[in-house]
Structure formats: structure tokens, C-alpha cells
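A short worksheet on the structure shown next.
The values are calculated or read from the model by the stated rules, or taken from the named source; none is laboratory data. Here the structure is a predicted model, which means the values were calculated and not measured. Every residue, glycine among them, receives a Cβ derived from its backbone with ideal geometry; neighbour counts consider all protein chains shown. The accessibility values were calculated without ligands, DNA or RNA, using every heavy atom of the protein model including side chains. Shrake-Rupley method; radii C 1.70, N 1.55, O 1.52, S 1.80 Å.
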Amino acid sequence: SYLYGTIHVISQSDFFLTDATMAAFDESQEIVLELDMDDPQMGMQMMQQAGMKDGHTLDKLLAEDDYQQLDSLVKKNMGMGISMFNNWQPILAFSLIVQEFIEGQMASYEMSFVQMAQAAEKNLTGLETVAEQIAAMGNISYEAQADYLAEQLDDLESNRELFRTMVDLYKQQKITDLETYIVESSGGDAFAEHLLKDRNEKWVDRIHEKAKEGTIFFAVGAGHLAGENGVINLLRKAGFTVAAVE
């Protein structure tokens, strides 16, 4: 089977798929992403699960100027204000403005793989459910999430440069540097434990079971691959032989 590292959003001008990747995709019988993204219910599930508990709302968690800036950016990118999403977890709210960090037209590896799987009539599934993914975010306090969101809003230009650095590391396939960079620039150890380490450990068990079924193409965020608690090392600990495909 094959393990591929994605970057969830990227400029179309930076998007690339190598011949080796295409060959691995073609050879595989099933495509497994983090989520089953061709599930027609996924959007509804996201809306149902996204809300914060205990009456928390973004307008209470963010300073007034940050909230107003968020509202302006969401209107720019979504055509509607942040009030529609006021009870969303701050990390999820950030996804509404991620276009601000992309130069030009936005591309998605996950959506590309969905389209490729559909065209090739390959089965596509996910390593986790929408509920599991959002619950992992909820393990980080809403206050910490709000602080992260405010940091992104407070200096958009600097954060665009940070994203550019992340994309450059991704294109160079420097996954160890990328994992370190993501941890340092996206909330530190608490974020890494809940959004990377805990999920990686669950995924490895599921990869193990799924790989018994045949040749599978697994595609997860590249930040999950490297490091002591990364998927590659955890797979090796589980007895898998993991080697780079040239």
C-alpha cells in the first residue's frame, strides 16, 4: 500500500503530482483520506458537529476588533457574515478565511483525489469520522483556539509569509522540517498532541486493518507523517516496512 502526504489547501500554481504518485494511485484498489470526502452527508455532519458547547460564541471569545475583522474576511470569502458561524469552534472558523493565505486560485489535494477516485470508479473512504475530527479539535480549549485565530488575524501579511514557508517545505518534501514548523507555528504542544499525536495513533490501527484488504492509497496531511509520533514511525513500530517511493 501507499502513504501520501497532502497539504490541505495550496495555490493552484504550487499544486503538483509526480509520476510516481499517479502510478501508485492507479495501482491502488481503494483511496483512503482523513475523511470520506465523497460522502454527500459530510457537509451536513460538519454543520451539526461544529458548534461549541456551553453557550460559547466567537463574539465572546474574540476581542471586538478581531471579531469585526473576521466578519469582514468571511464576507469577502463566503459572501455572508460570521454571525452564521458564531458558535463554531475557532479552529473551524479559521477554515472560512484560509483563502486569505493563498496566492491566486486555491487547489486541494483531497478534492483532487476525490475527483480522481470517482473518475476511476475506485472506492473512497476515511480514516476517521467528521465527529471524531471535530472532537479532537474540541480537546483544545476554546480560549486557546481563539488566541490562535486572533494571532492569524492580527498580522495577515506575516502569516501569509509563514504559510509560504510551509508550502516551500512541502514542495521540497522536507517532511521533518514541515512537522516541526507546523507544531511551532500553529499552537505548540497542546495543538500537536490533540490534532497530530492522538489522531496518528488511532489512524495507525485503522491503516493496519485496512491494508490487509489489498493495495490501498492512504492520503493524510503531510504534518502527520514525520517525527517520533508521526504515522511513518508509528507504522514501523507496528511492524510495517515503510520506504520512500522514488
### Task
Within the stretch 137-146, count every residue that is open to solvent by 10 Å² or more (accessible area, probe 1.4 Å) and assigned to a helix (DSSP H, G or I).
5
### Task
Go through the stretch 87-110 and count every residue that is open to solvent by 30 Å² or more (accessible area, probe 1.4 Å), part of a helix (DSSP H, G or I) and small (Gly, Ala, Ser).
1
### Query
Could you count how many residues in the stretch 147-189 are small (Gly, Ala, Ser), on the phi < 0 side of the Ramachandran plot and either without any contact (Cβ under 8 Å) to a residue 12 or more places away in the chain or open to solvent by 50 Å² or more (accessible area, probe 1.4 Å) (or both)?
1
### Message
Restricting to the stretch 225-241, and then to whatever is surrounded by 13 or more Cβ atoms within 10 Å (Cβ to Cβ) and closer than 20 Å to residue 20 by Cβ, can you tell me which residue is nearest to the chain's Cα centre (by Cα)?
### Response
225
#### Entry: Those helices (runs of 4 or more DSSP H) lying entirely in the stretch 1-63 with at least 3 residues closer than 21 Å to residue 125 by Cα and at pLDDT 95 or above
19-27
### Query
Which of (1) in contact with a helix residue (DSSP H, G or I) (Cβ under 8 Å, 6 or more places away or on another chain); (2) open to solvent by less than 40 Å² (accessible area, probe 1.4 Å); (3) part of a helix (DSSP H, G or I) does residue 220 not meet, given it meets every other one?
(3)
### Message
Return the residues of the stretch 163-190 that are part of a helix (DSSP H, G or I) and polar (S, T, N, Q); say none if nothing qualifies.
### Response
165, 176, 180, 185
### Message
Please go through the stretch 111-126 and give me each residue that is open to solvent by 10 Å² or more (accessible area, probe 1.4 Å) and of a type in the set (Gly, Ala, Ser), ordered by number.
### Response
112, 119, 120, 126
### Summary
Note: among 201, 193, 213, just one is over 22 Å from residue 141 (Cβ atoms) and either open to solvent by 20 Å² or more (accessible area, probe 1.4 Å) or in a loop (DSSP other than H, G, I, E, B) (or both), namely 213
### Summary
Within the stretch 31-67, of all residues that are in contact with a strand residue (DSSP E or B) (Cβ under 9 Å, 6 or more places away or on another chain), over 26 Å from residue 4 (Cα atoms) and in contact (Cβ under 8 Å) with a residue 60 or more places away in the chain, the one most open to solvent (accessible area, probe 1.4 Å) is 52
### Query
among the acidic types (Asp, Glu), closer than 25 Å to residue 145 by Cα and surrounded by 12 or more Cβ atoms within 10 Å (Cβ to Cβ) - does that describe any residue in the stretch 5-25?
no
### Message
As an exercise: evaluate residue 83 against (1) of a type in the set (Gly, Ala, Ser); (2) open to solvent by less than 30 Å² (accessible area, probe 1.4 Å); (3) under 19 Å from residue 145 (Cβ atoms) and give the number of the one condition it does not meet.
### Response
(2)
### Message
Looking only at the stretch 30-47, filter to residues that are of a type outside the set (A, V, I, L, M, F, W, C) and over 14 Å from the mean Cα position of the chain (by Cα); which one of those is farthest from residue 132 (Cα to Cα)?
### Response
30
### Query
Here is a list of conditions, (1) closer than 18 Å to residue 173 by Cα; (2) of a type outside the set (Lys, Arg); (3) modelled with pLDDT of 95 or more, and residue 234 meets all of them except one; can you say which number that is?
(1)
